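Read the structure below first, then the notes.
The values are calculated or read from the model by the stated rules, or taken from the named source; none is laboratory data. Since we're looking at a predicted model, the values are computed, not measured. Positions of Cβ are backbone-derived with ideal geometry, glycine not excepted, and every protein chain shown enters the neighbour counts. Just so you know, the surface numbers come from the protein's heavy atoms only, side chains and all, with ligands and any DNA or RNA stripped out. Shrake-Rupley method; radii C 1.70, N 1.55, O 1.52, S 1.80 Å.
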Amino acid sequence: MIPIAGQTYLKTRTAVMSGQLLAEETFTALLHAPLHQLESQFGLTGIGDRGLNATDLNRHIERGLIHSLMNELSILLRPLDGSSRETLIYWARKFELFNLKALIRGKLNNLPYDQIRESLHSLPSLISLPHETLLRTENVPELLRQLEQTPYEAIARQARRVYEEKNESFSLDATIDHRYYTGLLKHARSCPGEDQAPLLKLIGTLIDRQNLPWLLRYRLNYQLSPTETYYLMIPSGRHIHADLLKQLVNMQELPHILEALPAPLAERLTGLPHIMAVEQAMTDSLLEQARKCLQFSPSAITRSLAYMMLREADLRRVFAILQGRILNLNETVIHQAADIFREVAGV
């Protein structure tokens, strides 16, 4: 349980930090803001350096934004211990999974050591993998065996079994994602009782947002069987549970799947024309739930996680704007990439 003083600190800190969340008009202003202003605003020293090529500048910006997010995480972790602290740390492990996938892809494609290393993000020791050790491994099975000696043990063990059975990257990536979200649920369920219900509601919304686009892509795009698809689902979402998943994976048309969803989702999604529209609508639903949790949840850890989700979403949009500017894309394309001026359906 978080002590009363810790609860008060977290609620106060998230209330203060929520002032950093960006209003819609701010994203428009970023399209024309001087680079030196953005350097200061987002801790991106060096983005005005014309000596960097577009690829290096993109990498520099992405790393800077992730570093900023991790600094904010460290502030929220200060009063936490036990399962509440572990849950927030575990959520952040998603960023190190990007590194794990980059390591695996590099090994699968026999890329040079330096090229793989350059693609990795430097993250806090709390969530960081032993990059140098993993880079020195000879192949993917050895890399995953080494990973079993880290806090990523459960992910590594399942991934190694899948790789040994199928020896291909798609199943490996899907397994890593599946095990990550299963682990996030496990951590949330170990939190104190007063935190569990609001925390699981938020994480359940996150899992719905992952499950439905996965299901649609696996069945409609990749033509996986119902059994294969169900195996890759996380059967503990807020609205989409195991029994419903068993029905949905046996459907073969987008409209039928959307119409079969529970009312809160069906009302929002029925009639959407393609999977990308569904994914965006599910993201909107998740961020709506996160904003409600940040403002009203009695659980301080739930407020903290909600803030981190919202801040990550903001910084992703900032990155899309900066990336568009670096590549000299026209404003219409940048608007689309950064989700500016789009009509958002009500929940």
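Measuring from label point to label point, each 7 Å out along Cα→Cβ, what is the Ala260 to Ile4 span in nm?
Modelled inter-label distance: 5.1 nm.
How much length would be gained if the chain were fully extended between Glu164 and Arg117, taking 0.36 nm per residue of separation minus their Cα-Cα distance, in nm to one decimal?
14.4 nm
Tell me, what HN-Hα J-couplings in whole Hz come from the Karplus equation 6.51 cos²θ - 1.76 cosθ + 1.60 at θ = phi - 60° for each residue of segment 265-282, using x for Gly and Pro?
8, 4, 4, 7, 9, 4, x, 5, x, 7, 5, 4, 5, 5, 4, 5, 5, 5
Over the chain, what is the relative contact order in percent, taking alpha-carbon pairs closer than 8 angstrom and at least six residues apart?
Answer for the chain is 20 percent.
Given the peptides 295-308, 251-264, arrange them by the average over their residues of other C-beta atoms within 10 Å, most packed first.
Sorting 295-308, 251-264 by mean packing, highest first, produces 295-308, 251-264.
Under the classification rounded if a/c is under 1.5, otherwise prolate if a/b is larger than b/c and oblate if not, where does segment 1-132 fall, given a ≥ b ≥ c as square roots of the Cα gyration tensor eigenvalues?
oblate
Quick one: Cα centre-to-centre distance for segment 149-184 and segment 1-80, in angstrom?
The two parts, judged by their Cα centres, are 30 Å apart.
What is the log10 of I(q)/I(0) for segment 62-132, computed with the Debye formula using one identical point scatterer on each Cα and no solvent, at q = 0.14, 0.20, 0.22 Å⁻¹?
Reported log10 I(q)/I(0), two decimals: -0.48, -0.84, -0.95.
For segment 1-145, what does the relative contact order come out to in percent, with C-alpha contacts under 8 Å and a separation of six or more?
Relative contact order, segment 1-145: 22 percent.
Run the simple label-point estimate for Thr28 and Thr332 please: 7 Å along Cα→C-beta, distance reported in nm.
1.8
Starting from 0.36 nm per residue, how many nanometres of slack lie between Ser18 and Gln146 once their C-alpha separation is accounted for?
Once the chain is fully extended between Ser18 and Gln146, it gains 42.2 nm.
Compute the convex hull volume of the Cα atoms of segment 250-347, divide it by the residue count, and report the result per residue in Å³ as a whole number.
Hull volume normalised by residue count: 135 Å³.
Computed on alpha carbon atoms, what radius of gyration and Dmax characterise segment 183-334, expressed in Å?
Rg then Dmax for segment 183-334, in Å: 17.1, 51.
With a 1.4 Å probe and all protein chains kept in place, how much accessible area does Leu31 have, in Å² rounded to the nearest 10?
Rounded to the nearest 10, the figure is 20 Å².
What ranking of Phe319, Phe42, Phe98 comes out by heavy-atom accessible area, probe 1.4 Å, highest first?
Phe98, Phe319, Phe42
Work out how far the C-alpha atoms of the chain reach from end to end along every principal axis, then list the three figures in whole Å, largest first.
53, 50, 48 Å, listed from the longest principal axis down.
Using each residue's phi in segment 304-318, evaluate 6.51 cos²θ - 1.76 cosθ + 1.60 at θ = phi - 60° and report the 3J(HN,Hα) Karplus result to the nearest Hz, with x for Gly and Pro.
Each residue of segment 304-318 in turn: 5, 5, 4, 4, 4, 4, 5, 5, 4, 4, 4, 5, 5, 5, 4 Hz.
How much length is gained on full extension from Ser125 to Asp56, taking 0.36 nm per residue of separation minus their Cα-Cα distance?
22.4 nm
What's the tally of Lys pairs in the chain whose alpha-carbon atoms lie under 28 angstrom apart, where the two lysines are 8 or more places apart or on different chains?
Eligible lysine pairs with Cα atoms under 28 Å apart amount to 20.
Taking R0 as 25 Å, what's the FRET efficiency between Glu253 and Tyr231 from their Cβ-Cβ distance, rounded to 0.05? Could you put the intermediate results ahead of the total?
Details: r = 22 Å, r/R0 = 0.86.
Step by step, r from the Cβ atoms, then E = 0.70.
Kirkwood Rh, segment 140-225, all Cα pairs: how many Å?
With all distinct Cα pairs of segment 140-225 included, I get 14.4 Å.
So, by mean Cβ neighbours within 10 angstrom, what's the order for 80-89, 209-218, 56-65 with the highest one leading?
On the way: 80-89: 19.2, 209-218: 21.1, 56-65: 17.6.
Output ranking for 80-89, 209-218, 56-65: 209-218, 80-89, 56-65.
Given contacts defined as C-alpha pairs under 8 Å and at least six residues apart, what's the relative contact order of segment 63-177, whole-number percent? Before the final figure, lay out each step's value.
Values: 81 pairs, mean separation 23.5, N = 115.
That works out to 20 percent.
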